[in-house]
Amino acid sequence: MKISSKFVNLPTDQIDAEIEDAQRLICECLKIDMSTLWQWADGLQHELLLTHMYAPPEGPPRPDRLDALKNFPWIFEKMMSCQSLAYSNDDLPQEAAIDLKSRQFYGAKSTVNIPLSIGGEPLIGVLTFDTLWKTRSWSKSIVQKLHLVAEIFTNVLVRKTRELEISESETRLNMAASAGKIGLWDIDFYSKNVWVTPEFREIFGFSEKESLDYDRVFEMIHPDDYERLDQAIQSSVQTGGEFCCRHRLIRRDGHVRWVDARGKSVVGSDGKTVRLMGISLDITTHKEMEEQLQSRLAEIKKLKRKLEKENIYLRRKIELRHAHEKIVGHSSVLKQVLARVERVAGTDATVLIEGETGTGKELFARTVHRLSLRKDRPLVTVNCASLPPGLIENELFGREKGAYTGALTKMTGRFEIADGATLFLDEIGELPLETQGKLLRVLEQGQFERLGSTRCLRVNVRIIAATNQALLQRATAGKFRKDLYFRLNVFPIHAPALRERTEDIPELVLFFVRQYAEKMGKQIDHISLKCMKMLQRCPWPGNVRELKNMVERAVILSDGNRLSLAHFFNICPKSEDCMTPENPEIFDLSLVEKKAIVRALKKTDGNKSKASKLLNISRQSLDRRIMKFKLSTLF
């Protein structure tokens, strides 16, 4: 009873000394030579640490650490099954031979071993009492008293461990709160007392010795946020859940601080909230940065809108500068056509492109689409001359399954595919009359029905049509609907014939020569001036397509670095062979190429990647030509 009373409300830091003093008293009272208390080493199942001991000065030394399984395997097995042992060396069985040898080494004669455990929980260690100089018997009453002592020691050691764990946890929590400048608080709902950390006092501006309660803390809350914070707390109290609220507080110095408060209610045995625990974090700097960022973003948006308005003309010029990458030529006639293309591109107006075969009508149509607001959607193309009359309506408007014999599946028409995009109807003059009426309805009303269906479909499609025929004459002759012609002819564009822009022929020849020479692995730099003039005088009924095909044949037939056109103009091969690059009668294609490169680099402000795309060559090829023509110093 005297030993038990010593450990009541004993501070943690005094427990170890009192245990060893109790060991001394027991050994002196019961005439026992030595008492040791061993506890398991952390993370090891069979290694013991000597934590408390009473022993006479002349007794044998005891190790600070002991492998119980290695030195005392038989006793270790009994301890692990929570069996207490009271024995002498002579009482040990044969299977305890290792144990006996170890006991003789440490000088033990008679021993009581008591496992330290509470309520079936895992062992925390073992308490031993030993005689060292003579063997003695252990009465049942003595063993029972030693068991009571072991229980006292076990309870106080478990309490010490848990209190240390709590203390370490609190230390870590306080360190984390201090490092993060987080204020911790605890409100008692019955007494209205408030416990807070120094960080909380710093956030609110309270002095270290100032007494606090619930009302005193809430006096600091900003009037505009008081009700919102109070509602969040009351909701947590009623539901027993968590709450989170950002609010402002006004410190005594007049400074306004933003605080992020988070907490959780603690429910008592009666199911009612007894306490509210939580944290408060000063987020003033974060809020100020957030407000500054929002202000700057608003200013950036304002400046962006202003810049867009002020530079709309400039942006338009920059956009159009690179818009005609695949249209070769710089004649005044071509520039006029491109100006009309640029003017209509930004609208949704229907465009009718008329021109002879081979003038590049589809290329103009693609340029209109590329400059339009629908450029992110595909350009859907239909060649009205390539489809049989019986299938053209099926292709344009689609069909339902079973619409006619052989229609085994549903088919989506080109108008549905082009919804929100652009539909290019090439060779519109070849469209059958029976289909023209349905096309007119789509143009005027934006709706149609699939073949075999009565359901009306609505689409938003821009139409670009092209023809090599005189549609007005065909309409007058009754071969094309006049109402459809006038509906298509909203914005006509005339694709000029090649004979109308002969000054573009040298540049076109260079473009095609480069294209085919690279494919065939040839290097062609020259063409006779006489041949070039002949090319410019040709009527070119097939226009650019005919010129392209002629250049391809000439590249195939050419030997050396000069484009041979003798087979086309009946020029004497011998006289042409006598020409040299120094001869003024030689048209130097490299000069045309050099001018084209210079023009492309000027258009792109020296950007080689954009210039190579404009010239339709690779970046490496452009770099080689720049070195060849010594243009690197110009850009």
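Quick notes on this one:
- Paramagnetic reach from residue 267 (point 7 Å along Cα→Cβ, amide N under 18 Å) across segment 185-215: 189-190
- Efficiency of FRET between residue 218 and residue 8 - r from beta-carbon atoms, R0 41 angstrom, step 0.05: 0.50
- 5 angstrom amide H check on residue 193, placed H, neighbours 5+ away: 188
- As a rough footprinting exposure proxy, the listed residues 454, 154 were ranked by other beta carbons within 10 Å of their own, and the order from fewest upward is 454, 154.
- Ignoring lysines fewer than eight residues from residue 145 along the same chain, the ones with Cα atoms less than 22 angstrom from its Cα are 2, 6, 31, 78, 109, 134.
- In percent, rounded to a whole number, the relative contact order of the chain is 8, using alpha-carbon pairs under 8 Å and six or more apart.
- Residue order, fewest to most surrounding Cβ atoms within 10 angstrom, among 118, 327: 118, 327
- Least to most buried among 538, 456, 27, 82 (fewest other Cβ within 10 Å first): 456, 82, 538, 27
- One decimal place: the segment residue 136-residue 409 gains 87.8 nm when fully extended, by the rule 0.36 nm per residue minus the C-alpha distance.
- Charge tally in the Cβ shell below 9 Å around residue 555, where Lys, Arg are +1 and Asp, Glu are -1, residue 555 excluded: +2
- Separation of the alpha carbons by more than 31 angstrom is noted, of 302/613; 302/608; 519/608; 361/630, for 302/613; 302/608; 361/630.
- Label positions at residue 340 and residue 556, each projected 7 Å from the Cα along the C-beta direction, are separated by 3.6 nm.
- Looking at the chain alone, DSSP beta bridges between its own residues are antiparallel in about 75 percent of cases.
- Amide H partners (placed H, <5 Å) of residue 558, local residues excluded: 564
- Normalising the average separation of contacting C-alpha pairs (under 8 angstrom, six or more residues apart) by the number of residues puts the relative contact order of segment 180-287 at 29 percent.
- For residue 244 and residue 30, the FRET efficiency from 1/(1 + (r/R0)^6), where r spans their Cβ atoms and R0 equals 56 Å, is about 0.35.
- Sorting the segments 62-71, 464-473 by their residues' average number of neighbouring beta-carbon atoms within 10 angstrom, most packed first, yields 464-473, 62-71.
- A cut-off of 5 Å between modelled amide H atoms, ignoring neighbours fewer than 5 places along the same chain, links residue 110 with 131, 136.
- Highest mean packing comes first when the peptides 14-21, 390-397, 610-617 are listed by Cβ atoms within 10 Å, giving 610-617, 390-397, 14-21.
- Here the chain is assigned +1 on the Cβ of each Lys and Arg and -1 on the Cβ of each Asp and Glu. Its dipole about the Cα centre then comes out at about 4360 debye.
Every read-out reported here was derived from the displayed coordinates using simple, explicitly stated rules and does not represent laboratory data. Here the structure is a predicted model, which is why all the values come from computation and not from measurement. For neighbour counting, all protein chains shown are included, and Cβ atoms are generated from backbone atoms with ideal geometry for every residue, glycine included.
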